[in-house]
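What follows is a short report on a single structure.
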Amino acid sequence: MFKKLFLFLFLFNSLSFAFEFSPLGFDKRIDTGEGYGEFIYGNSGDEVVRYKINISSNGKDNDISKYVSVYPKILTIKPKSSGKVKVYVEAPPTLKKGIYGFMIGSESVAIPFLQKEKQGNVAPAVSFKTSIGLEMQAYVGEVGQSFEISNEKIITKKNKDNKNIKIYTSNLKNSTGRGYEIGVGFVDSQNSLIGVESMGRINDDGNMRIENEIPKFAKALVFYDYNNQKFVGQQIKIN
């Protein structure tokens, strides 16, 4: 259920190069020994790719890059395959409660490969390099267990087939003390998940407008933390 980041960078000689990375955030508690996360790099192309992985400062007062370790530092991925990078943050006891950050960088490493010329000779092919950095967040201390919900409504609309559908709408405020890559879903009377829709990121003290179609048999709305693959916050009864 992870989201993926697809950055299509080049199209050359009928070969496409893409950077595929998931999940998009870290969002781990780092003062209780839980500061471990894994990132998946995909290679949907036809050539071997290699990345140099590095951790660096986010340039902010909350930077914790010096406490972050990553393995491996060089990742090689075969065509139509994926590779895994492990990140661990070991926070010192002096860190106060709050949100902290670091950057994870991925720099492509050129791998020489050959191509045939029209005359049948073999010549080096052009290789491309790119560097991408993504900011990650982590947190220290207990966080709130619910979101602030306001202006709740259930309205009826016509869908593209001109049939009536019910829509749940509300305003969500995140005052939990940490950020989320959040999804909104629904469960039935047996607490079985009906579906989850990605809503993007909501940082601490952030706001988000919710407007989701209510599936048949749905009894409650739920929130899903993509980066930790679990439900968070409160259930909201809708029926």
inquiry  = Quick one: 3J(HN,Hα) in Hz for region 150-159, Karplus 6.51/-1.76/1.60 with θ = phi - 60°, rounded, Gly and Pro as x.
reply    = 9, 6, 6, 8, 10, 10, 10, 10, 8, 8
task = Take LYS158, LYS52, LYS66 and sort them by solvent-accessible surface of the protein heavy atoms, 1.4 Å probe, largest at the top.
result = LYS66, LYS158, LYS52
request  = Could you go through region 46-55 in sequence order and give the Karplus-derived ³J(HN,Hα) for each residue, using 6.51 cos²θ - 1.76 cosθ + 1.60 with θ = phi - 60°, rounded to whole Hz, and x for Gly and Pro?
outcome  = 9, 10, 5, 10, 9, 10, 9, 9, 9, 10
request  = Please calculate the 1.4 Å probe accessible area of VAL109, with all protein chains present, and give it to the nearest 10 Å².
outcome  = 50 Å²
ask   = With every protein chain left in place, what is the accessible area per residue of the chain in square angstrom, probe 1.4 Å?
value = 58 Å²
key: Built amide H within the under 5 Å cut-off of ASN227, gap 5+   = GLU181
request  = Taking only Cα atoms and a 10 Å spring cutoff, compute GNM fluctuations for the chain and point out the largest among GLY42, GLY98, GLY59.
outcome  = GLY59
For region 16-48 and region 147-192, distance of Cα centres in Å = 28 Å
inquiry  = Using 0.36 nm times the number of residues separating LYS163 and GLU90, minus their current alpha carbon distance, what extension gain do you get?
reply    = 20.9 nm
request  = Between LYS52 and GLN229, take the C-beta separation as r, use R0 = 30 Å, and let me know the FRET efficiency to the nearest 0.05.
outcome  = 0.60
query = At a probe radius of 1.4 Å, what is the per-residue accessible area of ARG50, in Å² to the nearest 10?
reply = 80 Å²
key: Given charges at Cβ of Lys, Arg, Asp, Glu: the chain dipole, positive-most of VAL143, ILE210, SER57   = ILE210
5 angstrom amide H check on SER81, placed H, neighbours 5+ away = ASN43
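The values are calculated or read from the model by the stated rules, or taken from the named source; none is laboratory data. Nothing here was measured: the structure is a model prediction, and the numbers come from that model. No Cβ is skipped: glycine too gets one built from the backbone with ideal geometry, and neighbour counts run over all protein chains shown. Just the protein is used for accessible areas: all its heavy atoms, side chains included, with ligands, DNA and RNA removed. Shrake-Rupley method; radii C 1.70, N 1.55, O 1.52, S 1.80 Å.
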